[in-house]
């Protein structure tokens, strides 16, 4: 194994020793109890199984058959989750064939950032993760289950399900994906129309036509954002049936993979390979997920989410860990926004299996970890194929199916991963540079300060930004307004950069890496509302964003900088973010949330 992998893992293990030990003790205590229906009172048992068919009641109570709880993110508004509608019936059918029983334990909310982007609902998006975690806990707290299947795909849904499941660490768990939609309008063409619309060159009709051609059917969006990064990370953690991530919802193999998930989780329940999720997800598994993210140029959102996921298992990680791993992890994939390919093309070129195999063989991942299947993580470096009614896994070709999309460790796109940590007198931030041209890795320019993305858009439309500048958009952190993604800023900033101006974004908000070719220092911590130094910036201050050196500084005299009093959000802006469309209900989360680097957790 590579020295950096060993060193980072060891310091995480040492840092987490006390919290991990306490967590595992709680897991063991839960394991040591009698099974659900045996330890419960008769009235509790009757209520739990009242709606089960008589044969299933007999199995679960008298015959003590394994009982699986299903937690589902199904709704038919989200394209990624609409395919889950028929999964419970399929899971029940396969479980009965295996002598087990199933109940849908509960549903969790699932919202789409694509629907709420730039709208008030986006201010609840980050907090939906912890709401999903709590909903998962409510579902599983009926406490009659021997195992769980978790049905979810998108941005906050998978981290939320995973956080919730890790609080039931005594249960064997398998995640069940639904797959990506078929390829529509290319991401490059979609981005081109967005930029034309931002310049007023095309109207709303053309923009809607392009967007509808890109997002057009069941399944996840096909760009490599947070949703598809989720699936890559779950494969790298060994929590899927191997190779399940990017098979289309309506492909014949999707049903076979879902049935295999039932057989897989039941296989873990058996004592000989009993590996509940709390034991499976250890320091090495968390590090493997981090490496997979870095090697594929995945979503920056996971620098928040995986900190929270690790905390749920008693493991403490930070952005320095990500940064050190990034310096030692080769970039093996280019998928939009880090390239032109979508995830369907990524899958055809080798997909997660190719990347995992290369990382394992190159010594960049821990191979000696538990997974949901026998054979360990090497099984996730293979590809599933249908064999009659069943499945088999074959070795992938040694060569990439398309070296413009995925490469071997011997010939990476870059010797380092796509994420960088920035530190300086503006705080700590992260930047995704895998799609940023080399000549844009260092930007030094005067600041223009905004308190919202709407202010920046208005200035762009008024022609006030036709120059070199660093746009500072503050009061966008978790405490201020729930840390919405600021995707509406991507087209205007890209237009300015396309005109030859040196442009960058500095914000305590999120971009999910979708800033693409525009340099963006995001997640600045501490946030402006927490008296972070971003509040000290004034219009005209020269800021230097240096992704090579890893620095982010306002080039202001040190004495003057120290004397400045941070600006505070206006009462009007604060009230706007606190009311309307249910935002009042999340006031407690805004008050109690930790910083972005601490995982933006609301439950600690």
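Here is a check on your reading of the model: is residue 149 crowded, with 21+ Cβ neighbours inside 10 Å, in contact with a strand residue (DSSP E or B) (Cβ under 6 Å, 6 or more places away or on another chain) and assigned to a strand (DSSP E or B)?
Values: crowded, with 21+ Cβ neighbours inside 10 Å: yes; in contact with a strand residue (DSSP E or B) (Cβ under 6 Å, 6 or more places away or on another chain): yes; assigned to a strand (DSSP E or B): yes.
Criteria met by residue 149.
Of the residues making up the range 5-43, those that are closer than 20 Å to residue 312 by Cβ and outside any helix (DSSP H, G or I) number 1.
Yes/no matrix, rows are residues, columns are (1) touching a residue at least 60 places away in the same chain (Cβ under 8 Å); (2) touching a strand residue (DSSP E or B) at 6+ places or on another chain (Cβ under 8 Å); (3) surrounded by 12 or more Cβ atoms within 10 Å (Cβ to Cβ):
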{"residue": "30", "(1), (2), (3)": "yes, no, yes"}
{"residue": "38", "(1), (2), (3)": "no, no, no"}
{"residue": "53", "(1), (2), (3)": "no, no, yes"}
{"residue": "88", "(1), (2), (3)": "no, yes, yes"}
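Restricted to strands (runs of 3 or more DSSP E) entirely inside the range 411-463, those with at least 3 residues that are closer than 21 Å to residue 287 by Cα, outside the structural domain of residue 318 (by TED's automatic domain parsing) and out of contact with any helix residue (DSSP H, G or I) (no Cβ under 6 Å at 6 or more places or on another chain) are 427-432. Counting only residues that are in a strand (DSSP E or B) and without any contact (Cβ under 8 Å) to a residue 60 or more places away in the chain, the range 491-523 holds 2 of them.
If the condition is being closer than 15 Å to residue 403 by Cα, assigned to a loop (DSSP other than H, G, I, E, B) and touching a helix residue (DSSP H, G or I) at 6+ places or on another chain (Cβ under 8 Å), then the range 339-373 contributes 340, 341, 342. Annotation note: Cβ proximity below 7 Å between a residue of the range 577-596 that is without any contact (Cβ under 8 Å) to a residue 12 or more places away in the chain and a residue that is in a loop (DSSP other than H, G, I, E, B) and crowded, with 19+ Cβ neighbours inside 10 Å (sequence gap 6+ or interchain) occurs for 592/602. Total residues in the range 342-352 satisfying the condition of being crowded, with 24+ Cβ neighbours inside 10 Å, within 19 Å of the chain's Cα centre (by Cα) and under 15 Å from residue 243 (Cβ atoms): the figure is 5. Looking at residue 157, is it within 26 Å of residue 264 (Cα to Cα), outside the structural domain of residue 490 (by TED's automatic domain parsing) and out of contact with any helix residue (DSSP H, G or I) (no Cβ under 7 Å at 6 or more places or on another chain)? No, not satisfied. Could you tell me whether the range 592-600 includes any residue that is at pLDDT 95 or above, over 26 Å from the mean Cα position of the chain (by Cα), under 29 Å from residue 294 (Cα atoms) and buried (at least 19 other Cβ atoms within 10 Å of the Cβ)? Checked the range 592-600: no residue is at pLDDT 95 or above, over 26 Å from the mean Cα position of the chain (by Cα), under 29 Å from residue 294 (Cα atoms) and buried (at least 19 other Cβ atoms within 10 Å of the Cβ).
Out of 266, 239, one residue alone is over 23 Å from residue 347 (Cα atoms) and either touching a strand residue (DSSP E or B) at 6+ places or on another chain (Cβ under 9 Å) or modelled with pLDDT of 95 or more (or both). It is 266. Every condition in (1) under 30 Å from residue 418 (Cα atoms); (2) modelled with pLDDT under 95; (3) touching a strand residue (DSSP E or B) at 6+ places or on another chain (Cβ under 9 Å) holds for residue 550 except the one numbered (2).
The values are calculated or read from the model by the stated rules, or taken from the named source; none is laboratory data. As the structure is a prediction and not an experimental result, all values here were calculated from the model. Glycine gets a Cβ as well: all are built from the backbone with ideal geometry, and neighbour counts include every protein chain shown.
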